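Enquirer: Following this message is one structure expressed as structure tokens.
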Amino acid sequence: MSFEQAFTLDVPSTTQNLALIRDFVNRISAQAGFDADEMAKLELAVDEACANVIEHAYENEQGKQVMVRASFDGEVLRITVVDTGKGFDPSGVHQADLKELAEKRRTGGLGMRLIQSLMDEVHYEIGPGNKNELQMVKRLRKPGA
Amino acid sequence: MANPFSVSRSTQENLTILALDGFLDAHTAPEFENAIQRELDGGHIQLIVDCSKLTYISSAGLGVFMGFIEELRERGGDIKICALSPKVHQVFEILGFPALYDILDDVPATVQRFSDSPVKQV
């Protein structure tokens, strides 16, 4: 018998709330049975996604909200970050290497690179000004698997 | 509510040690950025970042390191990093930071590295 549990957090879009969002993700991933290493990856990936929303989708505009939805079916944790900002195409972020970034004193693009490395799957749907959804997926690895 | 992040400063000969405490994310990164800028403005270009009490870092925090490293090395200085927890070290590893920065176990080892190799060659 399969089951799915769903959790939703809807908070003002400010960087101050990133800690709150991380706590939310940590509680859910612990409850789902992920180990400390996987919990750290989930926490960071969602932080990066929400920071992107705050700084890029909303351009730090006041009065906006960011929603984090999590669902777990016993094997797969899906976390979706939803915003109503201008949206951006993650695949369009220039994947410069670290040395190039340092030389150009550019600090952008690291967040999306991290998300791709940390999660098993990443899906993105853009609806600029309407609703954008970044879904991140991580599978629970069973002991001995 | 406890302060989520702070930077404390100490010196050892011509080295500045910035000890980070708490979490370094998009909200707290500006404080770290300001701390490094103050050092630059004061002509202190040999910086050790002690991460023994750093509990978390995101790309915003890593970006602070990236934003200063070229200028520091052009001026003959460097940022060297030490005492990363396994959790924080993992983030540095994913983004390839060990290739660009000296990362050591503790402050004494980092002080020694500044003596042996003031500017990391990349």
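Enquirer: Could you tell me the largest-minus-smallest coordinate of the C-alpha atoms of the protein assembly as shown on each of the three principal axes, in descending order and whole angstroms?
Expert: The Cα atoms of the protein assembly as shown stretch 64, 45, 38 Å along the principal axes, largest first.
Enquirer: I've got another one for you. Tell me, in nm to one decimal, what length is gained between residue A:4 and residue A:117 on full extension, where the rule is 0.36 nm per residue of separation less the Cα-Cα distance? The partial results should precede the final answer.
Expert: Working: separation 113, 0.36 × 113 = 40.68 nm, distance 2.57 nm.
Between residue A:4 and residue A:117, full extension yields 38.1 nm more.
Enquirer: For the residue pair residue A:76 and residue A:27, what label-to-label distance in nm results when each label sits 7 Å from Cα along the Cα-to-beta-carbon direction?
Expert: Modelled inter-label distance: 2.6 nm.
Enquirer: At most 15 other Cβ atoms within 10 Å and a DSSP loop assignment: could you name the GluC sites (Glu not before Pro) in the stretch A:32-76 that fit?
Expert: Answer by residue number: A:59, A:61, A:75.
Enquirer: Calculate, in nm to one decimal, what residue A:69 and residue A:133 gain on full extension: separation in residues at 0.36 nm each, minus their alpha carbon distance.
Expert: Extra length from residue A:69 to residue A:133 when fully extended: 22.0 nm.
Enquirer: Something else: Return B:101, A:124 ranked ascending by Cβ neighbour count within 10 Å, so the fewest neighbours appear first.
Expert: A:124, B:101
Enquirer: Let me ask another. Sort all Cα-Cα distances of the stretch B:1-56 into consecutive 5 angstrom bins from zero, then give the percent of pairs in each bin up to the one containing the longest distance.
Expert: 5, 19, 31, 24, 14, 7, 1, 0
Enquirer: If each residue's Cβ is checked for other Cβ atoms within 10 Å, how do A:67, A:112 rank with the fewest at the top?
Expert: By the 10 Å Cβ count, ascending, the order reads A:67, A:112.
Enquirer: In angstroms, what radius of gyration and Dmax does the stretch A:16-82 have, counting Cα atoms only?
Expert: 12.4, 37
Enquirer: Also: Under 1.5 on a/c is rounded, so check that first for chain B, then, if it is not, pick prolate when a/b is larger than b/c and oblate when it is not; a ≥ b ≥ c are the square roots of the alpha carbon gyration tensor eigenvalues.
Expert: Verdict is rounded for chain B.
Enquirer: Sticking with this one: Starting from the Cα-Cα distance between residue B:120 and residue B:34, subtract it from 0.36 nm times their residue separation and give me the gain in nm to one decimal.
Expert: 28.6 nm
Enquirer: Within 10 Å of each Cβ in B:17-29, how many Cβ atoms from other chains are there, averaged over the peptide? Walk me through the numbers before you get to the answer.
Expert: Numbers: counts 0, 0, 0, 0, 0, 1, 4, 0, 11, 12, 8, 4, 3.
Whole-number average of other-chain Cβ neighbours for B:17-29 is 3.
Enquirer: Express the relative contact order of chain B as a whole percentage, based on alpha carbon pairs under 8 Å and six or more residues apart in sequence. Don't jump to the answer; show the numbers that get you there.
Expert: Working: 201 pairs, mean separation 28.6, N = 122.
Result for chain B is 23 percent.
Enquirer: Then there is this: Ignore the peptide's own chain and count Cβ atoms of other chains within 10 Å of each Cβ in B:61-69; give me the average, rounded.
Expert: Shielding by partners across B:61-69 averages 4.
Enquirer: Can you pull the one-decimal nm distance between simple spin-label points at residue A:142 and residue B:9, each 7 Å off the Cα toward Cβ?
Expert: Placing both labels 7 Å beyond Cα along the Cβ direction yields 5.6 nm.
Values in this text are rule-based calculations from the coordinates and carry no lab data. Note that this is a predicted model, so its numbers are computed, not measured. Note: ideal-geometry Cβ built from the backbone for every residue, glycine included; neighbour counts use all protein chains shown.
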